[in-house]
Structures are given as structure tokens and as C-alpha cells.
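So the structure is just underneath, and the comments pick up after that.
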Protein chains: 2
Amino acid sequence: MLWVDGARVADAGAPDRGLEFGDGLFETIAVVAGRARLVERHLGRLASGAARLALGLPERGLLRAELAAAAECQASGLLKLIVTRGSGGGGYASPAGPARRLLYAAPPRERPASHAAEGITVRLCETRLAEQPLLAGLKHLNRLEQVLARAEWQDPAIAEGLMLDMHGRLVCGTMSNLFVVLKGELVTPSLSRAGVAGVMRAALMDAFAAAGTGVIERDLGPDELAAASEVFVSNALIGAWPVRRLAELTWPAGPWARRAQAFVAEW
Amino acid sequence: MLWVDGARVADAGAPDRGLEFGDGLFETIAVVAGRARLVERHLGRLASGAARLALGLPERGLLRAELAAAAECQASGLLKLIVTRGSGGGGYASPAGPARRLLYAAPPRERPASHAAEGITVRLCETRLAEQPLLAGLKHLNRLEQVLARAEWQDPAIAEGLMLDMHGRLVCGTMSNLFVVLKGELVTPSLSRAGVAGVMRAALMDAFAAAGTGVIERDLGPDELAAASEVFVSNALIGAWPVRRLAELTWPAGPWARRAQAFVAEW
């Protein structure tokens, strides 16, 4: 039996483990002109996450076709694909069955055009990321740390918050990955202990490498930001946004962010 | 628009943040003879978790009445109350509205009677618990670590797995809290960095204290298990189970576990 907000709901199955435990993964995919952007990369990350969590995904061709059909319905905006371990299993023990998939199509999230054009102000979050190598990099459904970090500010002038791990290393933004230009080299934090390995991050790293400038992935301290000539953040929906200010630190909307945006425009 | 397993679902609202992010809390409550056991403790823990996550709970009287009504329907078994931040907010940013609540009534989980009567065999899990003081102790919906830990074994002869944190300290079982008797004193691991502060754990700690034997809450190393005269685990559904074996270590189903079970029988 199930009651939602006190009202009896008929014919309710067992609760989904996505809701019960966050036992699943998701992809948030930009739809541009009726097409899902970077869809093969999204499907690839989903597959590697599913392998790590031992989730039984449907065939990739089926997912691809469903995403394409949903993107055509939406024209522009986003697709959110949530894959869970379904229902049952008895407490934390996992059921043997296939994953369940939920696919939402939604209109674009409203963002000021100036974020991409002129850049953003960010803050440093007090909420730290716990270090869990078994889950690091995955876009799984356990995102309370991001919710807590995003609840730290309401000021609309601040577009993103950067997050540190428990050892004080920079990891990512609440919803984005971080790139920092140091001594003419492009650096992005290692995600071996915490953080989400963004599809846009991977696409940009590959694009920069293909253009002859490999991105360095390493531990990065917040003190290094003072020496940066440029900072930008990326995710699948926003592409890349220059970071112009963090507290007393300022940077230009520089050539590296513009190159990143040019790559995104091609996709 | 929403598709579930490829089928279009009409009239779908925005996805619930409990599913999207695990943005919520839950309580699993034993129903014995048509009554919800330790219901005031469950409601108290829910309220303190909601305060920490800034979730807007309904009135306690309303929740109490709904639990009582659902318990009468079920007679024996369990109630699972899931409270989420509802829908919306835009990405990780939280909506202002009230929490959404889902209340499931289910028959008892089948457990061998020998678990309580004779005790259980446990294993030490390889999955470690990340350390996150902001979430430690809460029964929140981000439970992938427990899912991974429980997936480490299928052997039905093993009833529970004990978990260490990233520094190798004993924290809890995948679904239970841990008590260890050392030099005639009852010790339970500190939950300031990881783990769930079980309602049954709190009830037992209070009962032992009221009987004149306070429980010591401190960091506990796995090496200390070799010196233990007795070990038991607890949760709201199982009450207390003696732990008889972990690899080469064995313990009796001793007087401390029997006292714990006697307390539970009174509730």
C-alpha cells in the first residue's frame, strides 16, 4: 500500500530503488535544433557507469533511438535520462532484473546570455566533497552534496560554486567541471576521488588534445587560482562559461574559454 | 514529457528530487500487532534530519496519525516513510515548497528466526564509507555505498557486512549499527563522519544507560574485535542480532545481546 502526501494511491508497485537509495545513474543532454548533442559520449559514460554499478542497461541502439525520438519532440532544451536498478531486491541487496529507464524532455533552462558572452562570478562552497573512489567520476543519483552546496547562496549574481574535497583540493563546480590556465597550460582537476566526469569536460579535453594542446589532469589547490591567467567551467547544457571573478580574484574572458566555446558551437 | 521504459506516460510532472538527487530522508519502521514501534524516535530523527537538510516537514501530529493509520492496515510488517524535497527548483537549487511524503506499508521481510535466536555470521566489506560530516548520522536517500557493499556477497549464510570508513575505522553494518563488548563495557562506533544513527541504536543506548550501564560511543578499530567478548548488531526491524562469527573470529550469543533483545521485546 502506498500513500502520497496522505492520499492513498491505487496499484502502487514496490518503490523504485532510484528513489529509495539513489541506486542509478543519469545523463542530462542538450537538445539543439531537434538533435541530442554529444549523444554517443553520454551513452558511453552511462555504459561505463552502469558497468561500475553492475546495472543491466538496455541495448545502446535502443537508447540511442529513444533519445533521438525524444529530441525531435523537444526541438530545443534538454533530455534527462535516469536509469535505475528498478524495484525490489529486499533492502540494499540488488535485484537481478534489468534497469528501469525514465526519459524526460524539458524546455531549456533559462540562463542569462551574458554568462557565456561575458562570463560569470563564482563562489567557493563551504560544503566539501567526500572522497569515495568507488563512485568518483560517475553521474549517479546520490547528489545531496551538490544540493547542500547549491543551497549555500541565493544571490543571482553568483552563477556557480566551486567545491573542494575533504583535503582542500579543487574538484569541480556544483554542476560543472573546472578548467584553469596556468603558465600557458590548460589544467583540470583529477576526478579520481570525487566529482563527476562531465561529458562536456571529456569532449573539450579531446578537442583541445586533437588541436595539439593536451589538457593536464591533476590535483589542483585553490591557492593556484591566484596564478591562473584564465578560468572557465563546462557542462553538457551550458557548454563553457568564462569565470571572471571569485571573491577578490578576477580573470578575463580569455582565448581558452573562447576556443572551448568554438568547439561546442561545432557540436 | 516523460517516457518510462520507452512508453510515453501522460500527465507527468517534473521528476521528484528524491529520485533525481536522493534529496530526502527515510524511516523504516517496524509494525508489531498493528502499532508502529518506536514511532516517536523515528519522527524525532526525521525532524532532526529535515532540519539539517532544510526540508520543510509537515506537522508531526499529521505524520504520527498517518503512521498509526497505516500500521493498523498492515498489522505486522513495516512502514517505509520517504520524505523528499518535492519537484522543481532548477537543477541542484532547492525549491521553496514543502516536502513530499510517500508512505509504503509492506509485509515483514523474511528473516531466519535463528538470526535472533542463535546469532549471525558477518563479513567485513571491502566497500569503505566516505567521510562526510554534513551527512553523517542522517538516514538520507544517498545510499549507493550500502548497495555496493551489500552486492559484495550472495552467500545466504552471511547475514550482514560490517563497514569501515576511509581511515579503516569500524562504522556500522550495511543495514545495522554495531555494538561491541570490550572489557565488560558496551561500545558502539562514533557516527560523526559516516554511518546512519539508527533509531534502534539510540533506543538501546538509552535503555542500557537507564539500567545503569552507559554505552561508550567512540572510534573503534577492527583489530579491537579480537578482544571483544560479545558483538551484536541492531536496527529498527530486526531489533538485535548476536554476531557469532567474522572470518576466524567467534563470539557467543551472550548476555548483552540478550538484554538488548529483552529491551526490544518490551517495545
What is the list of residues in the stretch B:123-160 whose amide nitrogen lies under 15 Å from a point 7 angstrom out from the Cα of B:ARG245, following Cα to Cβ?
B:123-124, B:155-160
Quick one: A:THR174, A:THR84, B:THR250, fewest Cβ neighbours within 10 Å first, how do they rank?
B:THR250, A:THR84, A:THR174
The protein assembly as shown: mean projected area of Cα convex hull, nm²
25.0 nm²
Distance between modelled label sites at B:THR121 and B:ALA54, nm, 7 Å Cα→Cβ extension:
4.9 nm
Under 25 Å between alpha carbons, and skipping anything fewer than 8 positions from B:LYS80 in its own chain: which lysines qualify?
B:LYS139
Cut-off 10 angstrom, C-alpha nodes, Gaussian network model of chain A. Which of A:LEU144, A:LEU225, A:LEU53 fluctuates the most?
A:LEU144
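Counting other Cβ atoms within 10 Å of each Cβ, which GluC sites (Glu not before Pro) in the stretch A:182-267 have at most 10 and sit in a DSSP loop? Provide the component values of the computation, followed by the final result.
Details: sites: A:GLU185, A:GLU217, A:GLU224, A:GLU230, A:GLU248, A:GLU266; in loops: A:GLU248.
When the GluC sites (Glu not before Pro) of the stretch A:182-267 are filtered for loop state and at most 10 Cβ neighbours within 10 Å, A:GLU248 remain.
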For a quick check, take a GNM of chain A with Cα springs below 10 Å and name the residue from A:ALA226, A:ALA47, A:ALA71 with the largest mean-square fluctuation.
A:ALA226
Trypsin sites (Lys or Arg not before Pro) in the stretch A:147-228 lying in a DSSP loop, each with at most 15 other Cβ atoms within 10 Å of its Cβ, come to A:LYS183
For A:GLU160, which sequence-distant residues (separation of 5 or more, or a different chain) have an amide H within less than 5 Å of its own amide H, given hydrogens modelled in the peptide plane?
A:ARG123
The long-range amide H neighbours of B:LEU78, using H built 1.01 Å from N in the peptide plane and a cut-off of under 5 Å, are B:VAL31, B:ALA106
How far apart, in nm, are the 7 Å Cα→Cβ label points at B:ASP5 and B:GLU40?
4.5 nm
Note the distances from A:ALA209 to each other copy's matching label point, with points 7 Å along the Cα-to-beta-carbon direction, in nm, sorted shortest first.
5.6
Sorted shortest first, the nm distances from the B:SER192 label point (7 Å along Cα→Cβ) to its counterparts in the other copies are 3.0
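Taking the beta-carbon count within 10 Å as an exposure proxy, list A:ILE120, B:ILE216, A:ILE82 from fewest neighbours to most.
Values: A:ILE120 26, B:ILE216 14, A:ILE82 22.
Least to most surrounded, the residues fall as B:ILE216, A:ILE82, A:ILE120.
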Identify the GluC sites (Glu not before Pro) of the stretch A:47-120 meeting these criteria: DSSP loop state and at most 15 other C-beta atoms within 10 Å of the C-beta.
A:GLU59, A:GLU110, A:GLU118
What nm value, rounded to one decimal, do you get for the distance between A:ALA265 and B:LYS183 when each label is placed 7 Å out toward the C-beta?
7.2 nm
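No value in this document is a laboratory result; all are computed from the given coordinates. Please read these numbers as outputs of a predicted model, since none were measured by experiment. With ideal geometry, Cβ positions are generated from the backbone for all residues, glycine too; neighbour counts draw on all protein chains shown.
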